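Here is the structure we will look at.
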Amino acid sequence: MNDDIPHDLRARRRMDTHDEIHRAALELFEEQGIRETTVQQIAERAGVSPRTFFRYFSAKEQAALPGQRRMLRAIDGLEVSGAEPDAVLRAVEAMAETVMGGENDPALQEHRRVMRLLAQEPDLQALAASQDQVLAARLRDRLAEQLAGTDPLTVLLIAEVAVAVWRASWERWGELAVHGDAGDPVELYRRCREELRRVVG
C-alpha cells in the first residue's frame with residue numbers, strides 16, 4: 001500500500017478548493033466589481049465557508065490574483081545555454097512566449113480574464129505589482145544558478161527587463177481587451193520587445 005496516496009489526495013483537494021475560490025472571485029468581480037463583492041459571496045459561490053476562504057487567501061483581492069503559477073513553473077524549468085546577456089534574454093523571451101501561447105489552454109484563458117479585470121480595477125494593480133516582483137526574484141535566482149560567474153548586475157537587469165516586458169505586454173493586452181481590440185498576446189509581446197529595443201537603442 002502506498003502511504004503517499006492520502007497525502008496526494010489531500011493536496012489535490014486543497015488545490016481544487018483553491019481553484020474553486022479563485023474562479024468564484026473572478027466571476028463575481030467580473031459581474032459586480034471588486035468593491036461590491038464580499039468574501040461571504042465568494043465563499044458561497046465556491047461552496048465553502050468564509051473560514052475556509054481565509055485558509056487559502058488573506059483578502060478577496062488576492063483570490064482574484066492567486067499568483068502567476070504558470071510563469072513560475074516555466075521559470076523553475078528554464079535552462080539557458082551560454083552566458084552572453086543577449087542569448088540569455090532571448091532564452092527567457094522564448095520561455096515567456098511559450099507561456100503566453102496555447103489558445104485552447106484553459107489556464108491561459110483564465111489569465112486573460114484576470115488581465116482584463118486588472119485593466120478595469122485599479123484596486124488589483126498594487127497586488128499584481130507585488131506578484132511581478134516575485135516573478136523577477138524567482139527569475140533572477142534561476143539565472144544566477146545557471147550563470148555562475150556572471151556579474152550579478154547583469155543577471156538582475158536581465159530578470160527585471162524580462163519581467164517588465166512581460167508585465168507591459170499583458171497590461172497593454174488588458175487595455176485593448178476592454179475595448180474589444182485585443183489580438184494575439186504573443187504578437188503583442190513581440191511588439192513590446194521590439195519597441196523596447198528601439199527605445200533603448
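The values are calculated or read from the model by the stated rules, or taken from the named source; none is laboratory data. Because the structure is a prediction, the values reported are computed rather than measured. Virtual Cβ from ideal backbone geometry, glycine too; neighbours counted across all protein chains shown. We work out accessible area using only protein heavy atoms, side chains counted, and drop any ligands, DNA or RNA first. Shrake-Rupley method; radii C 1.70, N 1.55, O 1.52, S 1.80 Å.
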> Considering only helices (runs of 4 or more DSSP H) fully contained in segment 1-81, which possess at least 1 residues that are at pLDDT 95 or above, under 19 Å from L124 (Cα atoms) and open to solvent by less than 60 Å² (accessible area, probe 1.4 Å)?
Replying inline: 4-32, 39-46, 50-56
> Cβ-Cβ below 8 Å, separation at least six or inter-chain, first residue in segment 73-86 and of a type in the set (G, A, S), second surrounded by fewer than 17 Cβ atoms within 10 Å (Cβ to Cβ): which pairs?
Replying inline: A74/T98; S81/A87; A83/G149; A83/T150
> G101 is checked against (1) surrounded by fewer than 16 Cβ atoms within 10 Å (Cβ to Cβ); (2) touching a residue at least 12 places away in the same chain (Cβ under 8 Å); (3) over 30 Å from E187 (Cβ atoms) and fails just one. What number does that condition carry?
Replying inline: (3)
> In segment 140-167, how many residues are in contact (Cβ under 8 Å) with a residue 24 or more places away in the chain and farther than 18 Å from R90 by Cβ?
Replying inline: 2
